[in-house]
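Data block below; observations after.
The values are calculated or read from the model by the stated rules, or taken from the named source; none is laboratory data. Predicted model only: the values in this text are computed from it and were never measured. So basically every Cβ, Gly included, is an ideal-geometry build from the backbone, and we count neighbours across all protein chains shown.
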Amino acid sequence: MRAMTLALLVFLLASSVALWSADAPPKVDRHDAAAVARAYAAAVKAGDTAAATALMTDDPGARQVVAMMGQRQQRVMPTETMLLPTYMPSQVEVGAATPGDKGAQVFDLHRTIDTHTKLVLVPQPDGTWLVDLRASFVASTAPQPSPYAAMMDRLASRPTIGPAPPGAPEQRPWECVQKLQQLTQALLAYAEEHDDRLPLAAVWQDAITPYMEGDKPFVCPSHPTEECSYAFNATLSEKTLPGDWQQRQEMILLACTGGDNPNAVFTPADLKTLKGRHGAYNAVAFANGNAMALPVGMTWDDIMAAQKSAGVCMDRLRSLVKAARTFAKDHDSRLPAAATWCDDLQPLLTGESPFTCPDSPKADCCYAINRALAGKSLKELINHRKLVLFTEVGPTTRNAVFDAGQTFPGRHRVQWQVEQLIYFEAHLNGAVQPVPARQP
């Protein structure tokens, strides 16, 4: 009974993400900007997503980001993450020391976090005030760019969530992802009552039906005429769930495959040939409770391999910045020249192919230096965290350069942003950040 109650609570929490306007608007004087801000903050604190979004501007990009983050940030302050943007620099102070084993000294570290949260309200034609979530993210993270604001801009340029034109595939997998989360929570509730063992694949749907609520729980919202849209991973039939969270994160439980057969099953290899159920995406769910949109033709192993490649690429960019700063120390604080930067940094780098991305191991170089910074003195450059020194440009020749404002094709698809190809750029302070690829 306790597990059924927990499953119902999780279901209700996940369902609230989709309630953009179904609930009545909060009772607040919307002509008073301060009153709207207080009501918004109270809704966020209470975890009332519907009430908070009712006080937001009608920004399709922002609403889609809220839906996506609601599906990804389970059990880790989801509402605050979605609706209360923060930029959290921290400072660490070294405290007093205490003696440790074998003569060691143990120091207390005191970390102070400044949230720098800002909430931007904008006036409406009728004299009322609403929260502009995009502007709030921008103001909260300034002077650093906001990745969520950039994501909102990309999503706003696409069609908004709603019915697809006749004959066209549904392009929004997020409602399906939410449905998969509900099914996954039911599977986890079942396993909790059966010694952490998943149901028999042949009867998985029957086994979790008592844990489900709502109308047509096994039907994808984008394919309402189907009898059963989802399938269970046959390789996990009657398997015991591991206690390790990372292992669960890599176990695909369910996938939106379509069809009319109850208790349908699939194998992870089937995802490679599965046609797009949501335009360019399919939807899958994992044993840790998460669900995501998976690009057509990719499996989870592909995503993890891409993630590993992206990590190596980021490390190589950090090494380039470190080598450039080391070079400057021995050359009157001046960075390497544009025409010779690879040759200048070569003696300071270790490992194989330090100038190439793992995705292009046979290339001469995959990075370029900022023409405007090459050869400059570090003493003359200010705000190093805002200056991009190197960027990923794809296969190129040694000593490649780029100019400020240039954008490049994406090379990586990473776990936290699987729906968007990105490339990396390295700032003069050593920070490496993803950049959304230019649209074709």
Scope segment 268-288; condition among the small types (Gly, Ala, Ser), in contact with a Cys (Cβ under 8 Å, 6 or more places away or on another chain) and over 14 Å from Trp300 (Cβ atoms); matching residues: none
Please work out if Leu349 is under 23 Å from Pro143 (Cβ atoms) and modelled with pLDDT of 90 or more. no
Within segment 147-154, can one find any residue that is under 30 Å from Arg248 (Cβ atoms), at pLDDT 70 or above and buried (at least 19 other Cβ atoms within 10 Å of the Cβ)? yes
Checking the structure you have, find out if any residue of segment 242-264 is among the hydroxyl-bearing types (Ser, Thr, Tyr) and either at positive phi or surrounded by fewer than 18 Cβ atoms within 10 Å (Cβ to Cβ) (or both). no
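Let's see how each residue does on (1) assigned to a helix (DSSP H, G or I); (2) surrounded by 15 or more Cβ atoms within 10 Å (Cβ to Cβ); (3) modelled with pLDDT of 80 or more:
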{"position": "Val94", "(1), (2), (3)": "no, no, no"}
{"position": "Val106", "(1), (2), (3)": "no, no, yes"}
{"position": "Thr117", "(1), (2), (3)": "no, yes, no"}
{"position": "Arg134", "(1), (2), (3)": "yes, yes, yes"}
{"position": "Phe137", "(1), (2), (3)": "yes, yes, yes"}
Cβ-Cβ distance below 6 Å, separation of 6 or more or different chains: which pairs start in segment 193-214 with a residue that is without any contact (Cβ under 8 Å) to a residue 60 or more places away in the chain and end on one that is surrounded by fewer than 14 Cβ atoms within 10 Å (Cβ to Cβ) and hydroxyl-bearing (Ser, Thr, Tyr)? Asp196/Thr240; Arg197/Thr240
It is to be established whether one or more residues within segment 233-256 are in contact (Cβ under 8 Å) with a residue 40 or more places away in the chain, in a strand (DSSP E or B), outside the structural domain of Ser353 (by TED's automatic domain parsing) and over 24 Å from the mean Cα position of the chain (by Cα). yes
Assess whether Pro221 counts as being surrounded by 15 or more Cβ atoms within 10 Å (Cβ to Cβ), in contact with a helix residue (DSSP H, G or I) (Cβ under 7 Å, 6 or more places away or on another chain) and in contact (Cβ under 8 Å) with a residue 40 or more places away in the chain. yes
Just give me the residues in segment 16-49 being charged (D, E, K, R) and at pLDDT 65 or above, in sequence order. Lys27, Asp29, Arg30, Asp32, Arg38, Lys45, Asp48
Exclusive hit being over 22 Å from Met314 (Cβ atoms) and among the acidic types (Asp, Glu), set Asp343, Asp359: Asp343
Residue in segment 266-312 that is surrounded by the fewest Cβ atoms within 10 Å (Cβ to Cβ), counting only those that are under 23 Å from Ala202 (Cα atoms) and aliphatic (A, V, I, L, M): Ala269
The number of residues in segment 232-262 that are within 14 Å of Tyr190 (Cβ to Cβ) and not aromatic (Phe, Trp, Tyr) is 8
Evaluate segment 417-438: report whether one residue or more is assigned by TED's automatic domain parsing to the domain that holds Lys322, aromatic (Phe, Trp, Tyr), touching a helix residue (DSSP H, G or I) at 6+ places or on another chain (Cβ under 8 Å) and under 17 Å from Ser146 (Cα atoms). yes
Suppose we keep only residues that are under 26 Å from the mean Cα position of the chain (by Cα), under 30 Å from Met298 (Cβ atoms) and of a type in the set (A, V, I, L, M) within segment 360-418. Which one would you say is surrounded by the most Cβ atoms within 10 Å (Cβ to Cβ)? Val393
